[in-house]
Amino acid sequence: MPMKLNGGPTPATPVNKQSGGGQTHTGLPSAGIDRTQSAQQQLAQLKLGNRESTVAKVAEVLQRKGGGNELILEVKGRSLPVATGDQAPDLKAGDLIKVMRAGNELRLIGKLATSQESGIAKALAQRLPWQQNLQSGLAQLLNSMNAGLKAAPQPGQPPAANTTQPLPVAARQTLEDLFANMAKANSLQPGAGKAEGSASQVKQWLSESGVFAESRLLQTSGPQGAPTDLKLALARIVTALLASQGQSPEAFNRLTPLASQDLLNAPLQFPRLTAANVSQGSSEPASVAQTLRMLAGMLNRITVNQLHSQTLTARAGAEPGTPASTLLLEIPWLTPQHEPRMAQLRMEQYQQERNTKNNPERTSVSEWRLNLAMDLDHAGPLHFEVAYRHPSVSAHIWAIKQSTLRQVNEELPLLRQSLADLGLEVADLECRRGSPQHAETRLEHRLVDTKA
């Protein structure tokens, strides 16, 4: 469907206002629209080449004076009024559509699959209240390797008489493999970025975080997948525990997952560090049923991170400042005391257009932004914000403790030199007191929306 860019008079105020998710009639022009510009000028500001497509969000659906319909689209951070003719389009405010420039017009290629969007949002909403903190869950599993699990009570036996039993052999072996391959606190020494194999080691930790579990299953020939993938490892422990109780896999779906209070308070804030007093699991042996419910919550937590990433990536270009792709993941690591911790990593890719003297055609340049949050025993909570656009890099480090702030500032010259040794131009490098403000995702009735 061709859509002509409008200039000129403002749409007339309609007499009737429809409800029920149909057209949106306001009669007022959206903020930021300059109707004195021609279609060519408006498209030039978008830097949208001929036959090039992009994603737009329908902000409003209006009726124009004298008939006809108009859409207010949000495209690359700008509001565009487009006429759609006499026939009302099958669109409503909030819809995401794909459009292509054809000369000085925009053509509607299609509406993004609402079933897929709503499916992701629905799955995300269902799992939000049932997330178990991965750090405390891993601590409880580590305790179960040593203390065992309480056996299910036999008929007529009082609960106090329950004895403990060791983990099933398959579950114990899976946990041993998982912890053996987990990142260690002393794995990367200062300057390790230049060492051979360091990059592949970090890549392995990222790939085995559990976020890529389903992709790994599709790529591997065996049904089990990688034994050190966090999500697949947790699933194997579930299977072993159910088998030890003589239960089928279907019994797992009937369990109510255990949820962590910190994730109930802010289910979609990422990164969000766990408070130290709730970070570790109980030292008392848990029952098999409690462990299965905890594992269900842990699997939900990883799935929430997967769905959250998909939701944010699907909205690329729909609103100003949204990244082209987003990846949220948690990486487990071990302290020197063999205690599990989690590092929360948020990676975002932003696409920017630029012209060069030698190449007047627009070229797409990616800027990568990395946010890493972790809590160290002595240094306390630390946040690292890194922005990279070849060959320039900038970094901001946030520390809560004054002593840590002082220590980091003393190490900044070494960090600057290490980055320079990698061939990078260090644009900005500093340490600040406190913690940064992060965007929090809010779940709305139609889709998941990000608000600062």
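Bear in mind these aren't lab numbers, they're just calculated from the coordinates by the rules spelled out. Every value quoted in this text rests on a predicted model; they were computed, and no experiment measured them. Heads up, the Cβs are rebuilt from the backbone with ideal geometry, glycines too, and the neighbour counts pull from every protein chain shown.
Compared with the alpha-carbon gap, the fully stretched path from Ser435 to Gln165 is longer by 92.8 nm at 0.36 nm per residue.
With both labels modelled 7 Å from their Cα along Cα-to-Cβ, the Lys92 to His396 distance reads 3.9 nm. Cross-link pairs exceeding 24 Å between alpha carbons, from the set Lys47/Lys92; Lys76/Lys98; Lys57/Lys122; Lys47/Lys111; Lys203/Lys231; Lys122/Lys231: Lys47/Lys92.
Taking 0.36 nm per residue of separation and subtracting the Cα-Cα distance, full extension of the segment from Asn146 to Arg51 would add 27.9 nm.
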